[in-house]
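Everything on this sheet refers to the single structure shown next.
Every read-out reported here was derived from the displayed coordinates using simple, explicitly stated rules and does not represent laboratory data. Computed from a predicted model, the values in this text were never measured in an experiment. Positions of Cβ are generated from backbone atoms using ideal geometry, with glycine treated the same way; all protein chains shown enter the neighbour counts.
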Protein chains: 2
Amino acid sequence: MGRRSDHTSEELRELLVSCGHDLMAERGFAKFSAREASRRAGYTVGTIYNVFGGLDSYLIAINSRTFRRWSDWLEAALVNAPTDQAGRIEALVRAYFGFAEAHRNAWMAIYDHRIDRSITIDKDDVAARELLTGIVDREVASALNFGDDVEVRRLVRSLIATVHGHCALWLSGSFALLQEEDPAGQAVDRVLEILTHYITPSA
Amino acid sequence: MGRRSDHTSEELRELLVSCGHDLMAERGFAKFSAREASRRAGYTVGTIYNVFGGLDSYLIAINSRTFRRWSDWLEAALVNAPTDQAGRIEALVRAYFGFAEAHRNAWMAIYDHRIDRSITIDKDDVAARELLTGIVDREVASALNFGDDVEVRRLVRSLIATVHGHCALWLSGSFALLQEEDPAGQAVDRVLEILTHYITPSA
DNA sequence: CATAAAAATAAACAGTGTTCAATTAATAAA
DNA sequence: TTTATTAATTGAACACTGTTTATTTTTATG
């Protein structure tokens with residue numbers, strides 16, 4: 001075959017990412033196969049290399065989809081969150097965990113895929129990742145009665161790392177959190193403990 | 001060939017773990033190959049399956065070696081640590097990071113290897129992992145003027161998760177900590193902030 | 001020495017990522 | 001409309017994996 005009219009270039013990209021994402025969700029990163037993903041899309045592996053240029057870019061695109069869904073999930077959870085500051089932060093952290101648990105394989109794949117510093121990441125893919133940190137920036141700045149300044153952003157990244165650590169060790173079934181029943185609760189407690197050191201009275 | 005007299009069963013095990021660990025350190029988990037590891041040891045893949053029973057057990061053995069070296073590294077760092085509580089905790093956290101940075105690939109392999117809950121982990125391998133948490137248990141209990149009770153142990157695992165999150169995101173070059181210059185310092189700050197909520201005056 | 005047991009291998013299998021020449025389909029030109 | 005051109009898709013090849021199994025080789029035992 002050659003150029004086919006059943007999919008535009010945009011549709012094909014979407015189709016491949018969709019099939020790849022589904023495969024990642026059901027198999028996990030270690031057992032993911034680009035060959036199998038393309039097979040499911042009705043194409044051969046070569047097409048992935050044509051469309052994405054290489055396996056890394058394909059995986060990045062798949063993970064970007066996960067990032068966007070994650071952000072959507074957080075925003076959806078915040079709609080029904082309590083209005084007090086601590087309650088809202090707790091809702092945010094629990095939603096962070098909730099998404100990861102509901103999409104284990106896809107979520108872990110984000111961190112399983114190690115990207116060589118040499119390769120440059122697409123603008124859209126960077127944006128998908130910044131969407132997530134942006135939400136936390138906004139919420140934490142609001143909880144602290146602070147503007148979105150550089151100090152808050154630095155703290156936020158550290159808080160994300162804090163929550164990430166709990167979530168990652170939990171889902172990977174690591175030694176450290178094996179007997180912990182409520183890792184999300186622990187993460188919430190730690191985050192709130194940290195935040196007490198930065199809270200300023202509301203104006 | 002058959003049973004060879006150049007290595008006892010114990011020596012062979014050690015040799016394979018040693019070569020595997022070296023290979024892991026230089027290639028990282030994604031590019032690790034059991035075939036190559038056995039080749040370097042002067043044997044064929046089958047031998048790994050004979051000695052360890054399967055790839056998972058081999059990888060666990062390799063990671064256990066990393067755990068033991070990590071514990072040694074921490075103990076060594078604590079020898080020269082300040083004697084004040086905060087200083088000692090800071091030394092511990094920085095040593096945690098220091099080992100991970102100095103042995104990136106081996107350190108990350110610990111978390112890259114996902115172990116199915118169905119397989120049972122050897123007693124020695126569990127011990128290697130508990131060595132590490134034991135050190136932190138001891139240090140935190142001491143810093144809090146607490147005995148090594150169940151509440152401290154729970155908090156310690158959460159603190160480990162906190163530090164782990166910073167370390168993992170940093171070494172994986174993740175979006176969240178890309179522009180952070182001193183992730184270890186951030187982890188130290190968070191841990192100390194958390195600990196202020198648990199400190200009781202010394203007797 | 002002969003034999004049984006254990007250890008190591010070689011070979012086979014099914015799969016992988018990656019590259020590239022060949023083929024096919026759509027488009028533009030004649 | 002027919003032809004030439006260009007772009008998309010494939011298929012085949014390559015060098016690897018992990019895993020299993022029958023076979024060989026070595027050692028120790030009777």
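Here the Karplus relation 6.51 cos²θ - 1.76 cosθ + 1.60, evaluated at θ = phi - 60°, turns the backbone of segment B:191-197 into coupling constants of 4, 5, 4, 5, 5, 4, 6 Hz, with x for every Gly and Pro. Trypsin sites (Lys or Arg not before Pro), restricted to segment A:65-128: which are DSSP loop and have at most 13 other Cβ atoms within 10 Å? When the trypsin sites (Lys or Arg not before Pro) of segment A:65-128 are filtered for loop state and at most 13 Cβ neighbours within 10 Å, A:ARG117 remain. Adding -39500 (n - 2.57) for every DSSP H run of four residues or longer, then dividing by how many residues chain A holds, sets the calculated 222 nm ellipticity at -23500 deg cm²/dmol.
Taken one residue at a time, the phi angles of segment A:9-26 give Karplus couplings (6.51, -1.76, 1.60, θ = phi - 60°) of 4, 5, 5, 5, 4, 4, 4, 5, 5, 4, 5, x, 5, 4, 5, 4, 5, 8 Hz. Gly and Pro are set to x. Taken one residue at a time, the phi angles of segment B:72-88 give Karplus couplings (6.51, -1.76, 1.60, θ = phi - 60°) of 4, 4, 5, 4, 4, 5, 5, 4, 9, 7, x, 9, 6, 4, 4, x, 6 Hz. Gly and Pro are set to x. Between this copy and the others, label points of A:GLY42 are 5.8 nm apart in ascending order, each placed 7 angstrom from Cα in the Cβ direction. A P(r) calculated from all alpha carbon pairs of segment A:65-196, with 10 Å bins opening at zero, reads 11, 42, 36, 10, 0 percent. Fewest-first ordering of A:HIS164, A:HIS103, B:HIS166 by other beta carbons within 10 Å of each residue's beta carbon gives A:HIS103, A:HIS164, B:HIS166.
Computed about the Cα centre, the dipole magnitude for the protein assembly as shown is approximately 1440 debye when only Lys and Arg (+1) and Asp and Glu (-1) carry charge, each at its Cβ.
For the protein assembly as shown, the square roots a ≥ b ≥ c of the C-alpha gyration tensor eigenvalues yield an a/c of 1.5 or more together with a/b not exceeding b/c, which makes the shape oblate.
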